[in-house]
Amino acid sequence: LVRFPEDLEDENTTFNPEYSHQVFGDDEVAFGYKGLKILLYYIAGNLSTLFRIEYTSKVNEKFDCVEADDVESKIREIVPPGFCTNTDDFVSLLEKEVNFKPFGMLLHTYSVHNEEAGEDITYQIYKADMTCPGFREYHERLQTFLMWFIETASFIDVDDERWNYFLVFEKYNKDGATLFATVGYMTVYNYYVYPDKTRPRVSQMLILPPFQGEGHGAHLLETVHRYYMSSPTVLDITAEDPSENYVKLRDFVLVKLCQDLLCFSPGKLMQGFSQEMVMEAQQKLKINKQHTRRVYEILRLRATDMGDAEQSRSYRLDVKRRLIGPYKKKQRELAKMRRCLRPEELTNQLNQIDINMQHEQLEESFQQLVSDYRRVLERLAQA
């Protein structure tokens, strides 16, 4: 991500993809080159792109009887037309970066202290849509990062008006002027719920690698939640196929939002999960029942003295009653099998539903959950 011409030669600003299978196949191999480097430079704000390929040698079809992979055409499939191949052209675009401004409506401004710079850096979150001039082309460049950093990414249909886009920018100074750098973004699809509601579903969320680990994801998700909370037509907010990291982030944000609700006071937490919690979290914060249950378990863990045998046992049983659901389903399936299967078939199924193994798995799931919950509470204590 380039802010100054010298960034082009600075190896410290380079970051590598986590995935390349979506472009180069499951083996993640580009055949036929020695010393291959695929170089993509993006102007930090508007993401204008410079694309270069370098290598020390390449197989020759005429002499080696094999053909090297066409790396350039593979990259062209995801990088939109109009990119630079010449450094001078790219630097001339960089000089115009002072004219770039964020798209859409400003929702939230926050600061993060940067130890290296020794100062607070300001960030802003905007909501944009395809009616914003220049946003369509900017989004085409922005979404190319998905292919390298989200394992099952795909480009969305931007002509569908039910998409909302939320963008994070850093404000920085260059030669006395204020400029903006792209930090990350989120796309949300608004599903219709009969008769007159919508259910926003988070589809894609990415904080670019140079900014990861600084808390921007939490700011973004909380801002998006607060944006939808104010709408009377929103039922609740969900996510499409959430990753493990997203679930941990969501746990933190939702617990932070819920902890001050009266229904989650320590006294009520110790009485168990209630319909009051479900109703209040849904009505005030647009959180569904499943996510509210996790919030309850995390906040009850904070209110529980795990050194007290009775409190600890009560908490463990409460969580395990929820976790045991899939195992009880297996038991019901087993009861049906007893009526339907021949003895040898039943024996085979019984081997797969070992009761002792289920208890071990249940305890393992519980311990993992408590470990995850403690991390959420530690982060909350530092927030």
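The values are calculated or read from the model by the stated rules, or taken from the named source; none is laboratory data. Note that this is a predicted model, so its numbers are computed, not measured. Cβ: placed from backbone, ideal geometry, glycine included. Neighbour counts: every protein chain shown. To get the accessible areas, we keep the full protein, side chains included, count just its heavy atoms, and leave off ligands, DNA and RNA. Shrake-Rupley method; radii C 1.70, N 1.55, O 1.52, S 1.80 Å.
General observations
- For the range 204-307, the solvent-accessible area works out to 44 Å² per residue, with a probe of 1.4 Å and every protein chain left in place.
- Every helix of 4 or more DSSP H residues in the chain counts as -39500 (n - 2.57), and over all residues that averages to -12500 deg cm²/dmol at 222 nm.
- Shown in residue order for the range 207-222 are the 3J(HN,Hα) couplings computed by the Karplus curve 6.51 cos²θ - 1.76 cosθ + 1.60 at θ = phi - 60°: 9, 4, x, x, 10, 6, x, 10, x, 5, x, 5, 4, 5, 5, 5 Hz (x for Gly and Pro).
- Amide H contacts of GLY45 (H built 1.01 Å from N, in plane; Pro and chain starts excluded): THR182 sit under 5 Å, all sequence-distant by 5 or more or on other chains.
- Between the amide H of ILE121 and those of VAL112, HIS113, ASN114, distances stay under 5 Å, these residues lying 5 or more places away or on another chain, with hydrogens modeled in the peptide plane.
- In the chain, the portion of solvent-accessible area held by carbon and sulfur atoms comes to 47 percent [1.4 Å probe, whole percent, DNA, RNA and ligands not counted].
- Across the range 78-88, coupling constants 3J(HN,Hα) worked out from phi with the 6.51/-1.76/1.60 Karplus curve, θ = phi - 60°, read 10, 8, x, x, x, 6, 8, 10, 10, 4, 4 Hz, and Gly and Pro carry x.
- Remark: accessible surface ordering of THR85, THR238 (largest first) is THR85, THR238, probe radius 1.4 Å.
- In the full protein context, the range 37-156 carries 55 Å² of accessible surface per residue, based on a 1.4 Å probe and ignoring ligands, DNA and RNA.
- Projecting the Cα atoms of HIS291, ALA309, ILE75 onto the charge dipole of the chain (Cβ charges, centred on the Cα centre) puts ALA309 farthest toward the positive pole.
- Semi-axis lengths, Å, the range 5-97, gyration tensor of Cα atoms, sqrt of 5 times eigenvalues: 27, 15, 13
- Fraction of the pair-distance distribution of the chain above 37 Å, Cα-Cα pairs, percent: 39
- Comparing ILE121, ILE78, ILE43 in a Gaussian network model of the chain, where Cα atoms under 10 Å apart are tied by springs, the biggest mean-square fluctuation is seen for ILE121.
- Residues with amide H under 5 Å from that of ALA239, placed H, sequence gap 5 or more: VAL202
- Sequentially through the range 118-132, phi angles give Karplus couplings (6.51, -1.76, 1.60; θ = phi - 60°) of x, 8, 7, 10, 8, 10, 9, 10, 10, 9, 10, 8, 6, 7, 6 Hz, Gly and Pro residues having no value and appearing as x.
- About the Cα centre, charge dipole magnitude for the chain (Lys/Arg +1, Asp/Glu -1 at Cβ), debye: 2500
- Rounded to 10°, Cα long-axis angle of helix 289-303 versus longest principal axis of the chain: 80
- Degrees between helix 244-258 axis and first principal axis of the chain (Cα, 0 to 90, nearest 10): 70
- With Cα atoms as the point set, the radius of gyration and Dmax of the range 179-321 evaluate to 16.8, 58 Å.
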